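Visitor: Here's a structure for you.
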Amino acid sequence: MNQGSAFKASTNPIEETETMKTSNNTAAVENGVNVDALLGAREALEKAPEAAQFKWRASCEWLNGTHSRSTIGKFFGLGTEQSRDTTFAVEADHPKIFASKDHAPTPVELVLSGLASCLTAGVAAVAQRRGIQLHSVKATLEADMDIQGILGIDDDVRNGFGAIRVHFNIRADASEDDIKALVAQSQKRSAVFDIVTNPTNVFVSVN
């Protein structure tokens, strides 16, 4: 399936009416999210679920010490390869207390950034869908880690996070309950929240 057919406008009167209702409800709200396009995509993918199979990619090259640079560009989705206007670069390193140069955030901090970004994007999308005007959204994250695991001091200590705490500070034209509901729905649909809270099969190979 090509991208054009995947997002072809619906000709179902009921679906059109629902889209119009969404547009009318969010006409006075501008959070920078094109809800109509997202709803159109969902409708198209319901009819062609094979197009919903995506493959995201990244490549990483060692620079020196613990410093590396990852590049992120093309991905697969909607049944074909998708290109971007820009190939993004993301660097990672470790702080000086680990005898490193501290050229960039640690990989685990990038995981926290990914979780924060995913949840924050979800808040904006849900707010737009529900007709809630946002004024500011800030997520603050903190994760616990016992580094005895990664240092090989104690094999009973896991290498990763023991817990992650996410706190949102949101200003919006909505009640406290409605704002909490935004965050709850974002959490429910967040890909990165799912990744960090559920086991994922990871296959490592070497050439």
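Visitor: Per DSSP H run of n ≥ 4, the term is -39500 (n - 2.57); total these for the chain, divide by its residue number, and report the mean residue ellipticity at 222 nm rounded to 500 deg cm²/dmol. Don't skip to the end; give the middle numbers.
Guide: Values: 6 runs with 75 residues, N = 207.
Helices in the chain give a 222 nm mean residue ellipticity of -11500 deg cm²/dmol.
Visitor: Just to confirm a number: summing +1 for Lys and Arg and -1 for Asp and Glu over residues other than G149 whose beta-carbon lies under 15 angstrom from that of G149, what do you get?
Guide: Residues close to G149 contribute a combined charge of -4.
Visitor: Rank-order 115-122, 34-41 by packing density, defined as the average count of other C-beta atoms within 10 Å over each peptide's residues, highest first.
Guide: Numbers: 115-122: 18.5, 34-41: 15.2.
Order by mean packing, descending: 115-122, 34-41.
Visitor: If contacts are Cα pairs under 8 angstrom and at least 6 residues apart, what is the relative contact order of the stretch 132-207 in percent?
Guide: Averaging sequence separation for qualifying contacts and normalising by length gives 31 percent for the stretch 132-207.
Visitor: Using only Cα atoms, tell me the angle between helix 176-189 and the longest principal axis of the chain; keep it within 0 to 90° and round to the nearest 10.
Guide: Once rounded, the angle reads 70 degrees.
Visitor: Let me ask something additional. Relative contact order for the chain: what is it in percent, counting Cα pairs under 8 Å that are at least 6 residues apart? Working shown, then result.
Guide: Numbers: 286 pairs, mean separation 34.3, N = 207.
Value for the chain: 17 percent.
Visitor: Loop-only trypsin sites (Lys or Arg not before Pro) in the stretch 119-196, please: DSSP not H, G, I, E or B, and at most 13 other Cβ atoms within 10 Å.
Guide: Those satisfying the criteria are R158.
Visitor: Also, I was wondering about something else. By the scheme Lys and Arg +1, Asp and Glu -1, what is the net charge of all other residues having a beta-carbon under 12 Å from that of T87?
Guide: +3
Visitor: Once Cα extents along the principal axes in Å is worked out from the coordinates, which option in (i) 56, 49, 38; (ii) 43, 38, 33; (iii) 64, 45, 31 does it equal?
Guide: Computing Cα extents along the principal axes in Å and matching it to (i) 56, 49, 38; (ii) 43, 38, 33; (iii) 64, 45, 31 gives (iii).
Visitor: In the structure shown, do any of K47/K74; K55/K138; K101/K138; K55/K96; K55/K101; K74/K96 have a Cα-Cα gap over 31 Å, and if so which?
Guide: Working: K47/K74 25 Å; K55/K138 29 Å; K101/K138 29 Å; K55/K96 35 Å; K55/K101 33 Å; K74/K96 34 Å.
As for pairs spanning more than 31 Å Cα to Cα, those are K55/K96; K55/K101; K74/K96.
Visitor: Another question, if that's okay. Could you give me the ³J(HN,Hα) list for the stretch 134-149, computed from phi with Karplus coefficients 6.51, -1.76, 1.60 and θ = phi - 60°, whole Hz, x at Gly and Pro?
Guide: Listing the rounded values in order: 8, 10, 7, 9, 9, 10, 10, 10, 9, 10, 9, 8, 9, 6, 4, x Hz.
Every read-out reported here was derived from the displayed coordinates using simple, explicitly stated rules and does not represent laboratory data. Remember, predicted model here, so these are calculated numbers, not experimental data. Here the Cβ is made from the backbone with ideal geometry for all residues, glycine too, and neighbour counts use every protein chain on show.
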